[in-house]
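Only one structure is covered here, and it is reproduced in the block below.
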Amino acid sequence: MDFDGRVWPLAGGFGRYTRVVAAVSWIPNVLLALSFSSSILSGGGPGCQREECGNRTENYTDTCWLEETIVTQWDLVCDDGWKVPLAQICYLSGWLFGCIVFGCICDRFGRRNAFISALVVALPLGVALCFSPGFLSFLPLQAGFGAGLAGIFLSLYIARLELCPPSRRLMITMIAGFFWLSGELLLPGLAVLCSDWKILQGAITGLLALLMSYWCFRSLFPESPRWLLATQQANQLKAELYGFSRANGVDTREDLSGRDSLFSEIDSLWEGFPRPRYYSICSIFKTRLIWKNALILGFATFIGCGIRPCFAENLMVLGGSVPYFLQVGSAALACIFLCITVNHWGRRAVLLLCTIMTGLCSLLLLALTQYLFSGASIAISVLGSLCAHAVVMLSVFYASEVLPTVIRGSGLGLILGISMLGRAALPIIILQQKSGFFLFHVVLSSFCILSVLSLLLLPETKRKSLPDTLRQGDSLRRPPLLLQTTQDAVPLLTPDKPRMDYNPESYARLASSTKKIIRTGSRCGEDNQAMTGE
């Protein structure tokens, strides 16, 4: 059943209440960005410590916004310096694990239940982090806290997307990205005010506790009607549709529950006794195209996340807080670029362009760094960081449109987990004292260029409804890269204009009605023959 064309308009569609729910889902991104980026500060990120192991000069805060970090508290320098990147790896591993686990919860128990369970995990672990007595207890607590944050982010992302019509999906998602960037911009000021990583962690956890209002007030985070329809949960679907229609100010009670209404059609479609149908991530491997699309976009996300530190390395010569704000500014420009181009040129074309530009910037830095003056090197690094961020954002958004509703949570969680592997590449290299960093940059640059060939296999999802079932996800086909202005027209076979009056569902209902009439007529004929025989 067509959700966007048949079901959603009867509940008010993207009406007043639906827009409010989408807007409310943006606010947690500010808190999630604070939580995600604060791990860099608590671990004494790049440029935040100076080690002189000969005389053990302990001046860790040359350019850091925090006066007290885990480095200063537990003396993680010299022989213990390897523990700092290890903490970042554990934190990103927690995000990876949380994306996968809570993605499966999204598909099995719903978007709202996944959000609540992730919040229940994140809040107590966030409080416990403030009182961690030592480094060994700090690692599992931070990993668990990251897993909870990942579940909150993923459930909000999917629920927000499934409320939007095709024409609004990109803009609503990009605005959520701007809220994330605003959280990253607020982090330095909050860190300066707190000055201690434990106080900063407590402040962020306290702000996260405000999200309990989403649990207490169901209207702030209702269950996704699209997921309920795709999993055949009729009773809860009817309740949610009634709630949306009333809140949107649409009086469609007769259209929803009257005779020959939408609910009657749903009951007849599911033979009156619907049973919920759930799918696991293993279902993706039984498809023909969905797993290929997910693999391609996951690979692109890995490349985008992994190559950004290579560009950030060239910005470190500026010193101070400038590299941080340059990266945030480039991410903001990437969001603006996507807002302007993606709905006009299409998802695949813009992703191809951004991937090519990322690879070219990376190759230029590899080949010409020693011949370029510092200003040109910084400019290329900023442009490369911009394109890499655009690749990550668009790949995740693209994947959410390609994956069907029944496995969107687990599939998107797997792709976000792969992106965390890309982010963990830098602390892994730092853990090895940066041996192999140049080779890592070369490999990612090569992968970036080679991935362009695989991106050509992706379908285009611009102005298309989200696929809900595995069959719909497999039916997405890749269009030609360039529009063909001239085509050979075969007489009697190729019509001059496409048929606009064809509606598969209308013809299906007409066919079923015709069969009923034929059956009724045949029964009447048999009864007449029997009466005549008597």
Can you give the accessible area of residue 242, probe radius 1.4 Å, in Å² rounded to 10?
60 Å²
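What net charge do the residues around residue 453 carry, taking every other residue with its C-beta under 15 Å from that of residue 453, with Lys and Arg at +1 and Asp and Glu at -1? Write down the numbers at each step before the final one.
On the way: positive: 292, 348, 478; negative: none.
Once all neighbours under 15 Å are counted, the net charge is +3.
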Note to self: with every protein chain in place and a 1.4 Å probe, segment 339-425 gives an accessible area per residue in Å² of 31 Å²
Once all protein chains are kept in place, residue 287 shows an accessible area at probe 1.4 Å, nearest 10 Å², of 10 Å²
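Taking all protein chains together and a probe of 1.4 Å, list 190, 181 from the most accessible to the least accessible. Before the final figure, lay out the partial values.
Details: 190 40, 181 10 Å².
Reading off the accessible areas and sorting them downward yields 190, 181.
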Enumerate the calculated ³J(HN,Hα) couplings along segment 117-128 in order (Karplus 6.51 cos²θ - 1.76 cosθ + 1.60, θ = phi - 60°), each rounded to whole Hz, writing x wherever the residue is Gly or Pro.
5, 5, 5, 5, 6, 6, 5, x, 5, x, 5, 5
Taking only protein heavy atoms and a 1.4 Å probe, the highest-to-lowest accessible-area order of 299, 115 is 299, 115
So, with a 1.4 angstrom probe, what is the percent of accessible area on segment 92-157 that is carbon and sulfur?
83 percent
Solvent-accessible surface (1.4 angstrom probe) belonging to residue 316, in square angstrom, nearest 10:
80 Å²
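Using 1/(1 + (r/R0)^6) with R0 = 51 angstrom and r between the beta carbons of residue 472 and residue 209, what's the FRET efficiency to the nearest 0.05?
Values: r = 39 Å, r/R0 = 0.77.
That pair, residue 472 with residue 209, gives E of 0.80.
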How much accessible area per residue does segment 265-315 have, in Å², with a 1.4 Å probe?
51 Å²
Cβ crowding within 10 Å averaged over residues, with 337-343, 33-39, 319-325 ranked highest first
33-39, 337-343, 319-325
Just to make sure I understand: if all protein chains stay in place, what is the order of 471, 347 by accessible area at 1.4 Å, largest first?
471, 347
Using every Cα-Cα pair within segment 311-373, state what percent have a distance larger than 12 Å.
75 percent
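The values are calculated or read from the model by the stated rules, or taken from the named source; none is laboratory data. Quick caveat: nothing in here was measured; it's all calculated off a predicted structure. Cβ atoms come from the backbone with ideal geometry, glycine included; neighbour counts cover every protein chain shown. Keep in mind that these areas ignore ligands, DNA and RNA; they rest on the heavy atoms of the full protein, side chains included. Shrake-Rupley method; radii C 1.70, N 1.55, O 1.52, S 1.80 Å.
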